[in-house]
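Right, one structure below, let's go through it.
The values are calculated or read from the model by the stated rules, or taken from the named source; none is laboratory data. Here the structure is a predicted model, which means the values were calculated and not measured. All Cβ positions, glycine included, derive from the backbone under ideal geometry; neighbour counts span all protein chains shown. SASA here: full protein model, heavy atoms, side chains in, ligands and nucleic acids out. Shrake-Rupley method; radii C 1.70, N 1.55, O 1.52, S 1.80 Å.
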Amino acid sequence: MRRKLAAGNWKMNGTQASLAELGKLATAHAAPAVDILICPPATLITAACAHAPIAIGAQDCHMASAGAHTGDIAAAQLKDAGATAVILGHSERRDAHEEHSDLVRAKARAAQAEGLMAIVCMGESLAQREAQNTLDIIGGQLAGSIPDSSTGENLVVAYEPIWAIGTGLVPSLDQISEVHGFIRARLERRFGAGVGRSVRLLYGGSVKPDNAADIFTVPDVDGALVGGASLTAADFSPIIKALEAV
Ligand code: PEP
């Protein structure tokens, strides 16, 4: 059985004052029936770790373990700061930092080697969907971004259509189902049924309190990666509850 996962991506939002939201979340979900993960900016990781049972993750890491990489952070440093997971290959990084799947795979390998869970993101643009290339794009990103070292414990795949991120647009449940089923089949083909069926698949893109319950009914949706609605306990808590109710 795959344990459900509600993951929040705070992106470049949040200061020390924002940790109060984590406190509220931890109080409201003292004994959660699902895994809860928040990925704040790196500046907040260590302080955020005071809010168990909320697990804390990062939003990127470097592929190297140390060295002359000004401004970057190694997976070992994230682990040292208290992170247990790291988001990799988010479309905002693929776009703004020109991160391609080979680099995402190298970062994921580095994260897994340090014992971090790699949450590898992938998704199509609106133009790619309209050209009916969605599954080709996802297939390519999946093959290129996922390292051979992956297991059900150290890999989570997040399907995040670019056009749904921060826009309020959400694919139909059939569209989500098609992509998640495709990802599951590809993972089983590559890693075998045991590993392939144990990797958790998250949907991400404008998940909100009012649409989460429907999205969580889709087969092979094991949770969500949530941006804007993870910033406050008032918005994220109902999403967690919807996942617990599945
Ligand atoms: C994201 O950026 O990972 C995301 C899903 O954002 P939002 O929930 O705000 O669409």
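Rounded to the nearest 20 debye, what is the charge dipole size of the chain about its Cα centre when +1 sits on each Lys and Arg Cβ and -1 on each Asp and Glu Cβ?
Rounded to the nearest 20 debye, it is 500 debye.
Can you give me the % of accessible surface on region 100-214 that is carbon or sulfur? Probe 1.4 Å, all protein chains present, nothing else counted. Don't skip to the end; give the middle numbers.
Numbers: 2380 of 4740 Å².
Roughly 50 percent of what the probe reaches on region 100-214 is carbon or sulfur.
So which GluC sites (Glu not before Pro) in region 91-134 end up in coil per DSSP with only 12 or fewer other C-beta atoms within 10 Å? Write out the running numbers ahead of the final one.
Values: sites: Glu92, Glu98, Glu99, Glu114, Glu124, Glu130; in loops: Glu98, Glu99, Glu114, Glu124.
Here the sparse-neighbourhood loop sites are Glu98.
For region 92-220, count all C-alpha to C-alpha pairs, find those more than 21 Å apart, and express that count as a whole percent of the total.
Values: 3135 of 8256 pairs.
Result for the distance tail: 38 percent.
Under 27 Å Cα-Cα from Lys79, which lysines qualify once same-chain neighbours fewer than 8 residues away are excluded?
Lys4, Lys11, Lys24, Lys107
For the full complex of protein chains and a 1.4 angstrom probe, list Thr134, Thr151, Thr15 by accessible area with the highest value first.
Thr15, Thr151, Thr134
Counting only heavy atoms of protein chains, what accessible area per residue, in Å², does the chain have with a probe of 1.4 Å?
Numbers: 10580 Å² over 246 residues.
I get 43 Å² per residue for this part.
Amide H to amide H under 5 Å from Arg200: which residues, 5+ apart in sequence or cross-chain, H placed 1.01 Å off N in plane?
Result for Arg200 returns Val157.
Please report the spacing between the Cα centers of region 150-164 and region 168-211 in Å, no decimals.
So the separation of the two Cα centres works out to 8 Å.
If I stretch the segment between Asp174 and Arg189 completely, what's the gain in nm (0.36 nm per residue apart, minus their alpha carbon distance), one decimal?
Roughly 3.2 nm would be gained on extension.
What helices does the chain hold that run 15 Å or longer along their axis, going by alpha-carbon atoms, with a Kyte-Doolittle average of 0.0 or more, using DSSP H for the helix calls? The partial results should precede the final answer.
On the way: long enough: 101-113 (18 Å, -0.28); 134-145 (16 Å, 0.72); 173-198 (26 Å, -0.33); 233-244 (16 Å, 0.64).
Counting only whole DSSP H runs, the qualifying helices are 134-145, 233-244.
May I ask for the equivalent-ellipsoid semi-axes of region 3-79, computed as the square root of five times each C-alpha gyration tensor eigenvalue and listed largest first in whole Å?
On the way: eigenvalues 124, 40, 18 Å².
Whole-Å semi-axes of the equivalent ellipsoid: 25, 14, 10.
So what's the gap between the Cα centers of region 108-140 and region 52-86, to the nearest angstrom?
A separation of 20 Å, based on Cα centres.
Rounded to the nearest Å, what's the spacing between the alpha carbon centres of region 8-29 and region 217-232? Just the number, please.
Taking the Cα centre of region 217-232 as reference, the centre of region 8-29 is 16 Å away.
Along each principal axis of its Cα atoms, how long is region 157-246 end to end? Whole angstroms, biggest number first, please.
Cα extents, longest axis first: 40, 26, 20 Å.
Using C-alpha positions alone, give me the convex hull volume of the chain per residue in cubic angstrom.
Numbers: hull volume 27.7 nm³, N = 246.
With only Cα atoms used, the chain gives 113 Å³ per residue.
Quote the relative contact order of the chain in percent (integer), defining contacts as alpha-carbon pairs under 8 Å separated by 6+ residues. Walk me through the numbers before you get to the answer.
Numbers: 506 pairs, mean separation 51.6, N = 246.
Over the chain, the number comes to 21 percent.
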